[in-house]
1. For an R0 of 41 angstrom, estimate the FRET efficiency from the Cβ-Cβ distance between residue 70 and residue 256 and round to the nearest 0.05.
2. Please work out the Kirkwood hydrodynamic radius for the chain, using every pair of different C-alpha atoms, and report it in angstroms with one decimal place.
3. Go ahead and set up a Gaussian network model of the chain, Cα springs under 10 Å, then flag whichever of 48, 11, 120 fluctuates most.
4. Hey, can you rank 300-311, 197-208 by average C-beta count inside 10 Å, highest first?
5. What FRET efficiency do you get for residue 135 and residue 164 if R0 is 25 Å and r is their Cβ-Cβ distance, rounded to the nearest 0.05?
6. Go ahead and set up a Gaussian network model of the chain, Cα springs under 10 Å, then flag whichever of 91, 31, 275 fluctuates most.
7. Rank these by accessible area, largest first, 1.4 Å probe: 246, 85.
8. Starting from the residue with the highest accessible area, list 188, 154, 89 in decreasing order, probe 1.4 Å.
Amino acid sequence: MTDLTTLRLDADDGGLDRAAAILRAGGLVAFPTETVYGLGADACNGRAVARIFAAKGRPRFNPLIVHLADAQAARALVEWSDAAEALATRFWPGPLTLVLPLLPDSPLSPLVTAGLPSLALRVPAHPLARALLARFGGPVAAPSANPSGRISPTTAAHVAAGLSGRIEAILDGGPCPVGVESTILGLTDTPRLLRPGGLASEEIAAALGQPLAPSGPGISAPGQLASHYAPAAPMRLDATEKLPGERLLGFGAVPRADLNLSPAGDLTEAAANLFAMLHRIDDGSTAIAVSPIPETGLGRAINDRLRRAAAPRG
Ligand code: TXA
Ligand code: MG
């Protein structure tokens, strides 16, 4: 379906009222979060949730994150725990998603969890996301607002380029400050890092006072397919020099970079620039080389996304 007129809504009271009304009517609204733009639908409305999968071309086995206005709302949906309470108190609102056992009598559409007995939840920090969730007044299912398998959107223009004509509206809040998706932590057994993201895993481990278990094969977030976030052009990682015919996406003080994620070598700045620079450097054919990024803090999330972007296409 590509015949809708996609409204561009301003970041003001009128835009927020309109966005909440569209969600109530079962429509799809892309909205900014601090990580990336999400594609929101009423999580209790099965038809609305089904439209998310259709608009993105997303496989139905890949569950969605539910966005809430506050941590209190989580208790009606999942089996809350001491670890969840500690992490929510410390890091919500913010770029952390918690996966917890789903309560059997939750009002959510079963499509949200793709039939899994667990639910991914987060309370986003972006003021527009918070205002929209408060106005709507219920759980909002929202994957990243990109066609499945493409780079996540960090501006309203990225969303429009991928989903115009397929969704009712885009709430324009400018660029997303964090720039990579939330960190996903599994709390259904021992705390497990399911996806590195915008909150450094070291900070979570420190708050819990224990190391995080790695996501073993088969237990990672189901959406973590090897090839994902794919630019059209081939990519070469850990490139210490630019070869003939390549464009170089640099990090730190490297010579001849076409774009640089952070000339100062700052990982927070690099994360914020990552997807916008991947969008810009990709002309569909010229090979892309990327400087090495340290595997620490937000560098884990950046390297995870770069490895998927560079993986052979399935
Ligand atoms: O920052 C973010 O997390 C953004 C913004 C919009 O909130 N959302 C986002 O959603 O990245 P999405 O759908 O692109 O990625 C969600 C990931 C998928 O890999 C999915 O498989 C995983 O979360 N997931 C969802 N529910 C899960 C569950 N019950 N257990 C394990 N993984 C789950
Ligand atoms: Mg995504």
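The values are calculated or read from the model by the stated rules, or taken from the named source; none is laboratory data. Remember, predicted model here, so these are calculated numbers, not experimental data. When we count neighbours, we look across all protein chains shown, and the Cβ atoms used for this are built from the backbone with ideal geometry, even at glycine. Quick note on the areas: whole protein, heavy atoms, side chains included, nothing else; ligands and nucleic acids left out. Shrake-Rupley method; radii C 1.70, N 1.55, O 1.52, S 1.80 Å.
1. 0.25
2. Kirkwood radius, the chain: 19.6 Å.
3. Judging by the Gaussian network model, the answer is 11.
4. Highest mean packing first, the order is 300-311, 197-208.
5. Once rounded, the FRET efficiency stands at 0.55.
6. Maximum among the listed residues: 91.
7. These residues rank, largest area first, as 85, 246.
8. Correct descending sequence by accessible area is 89, 188, 154.
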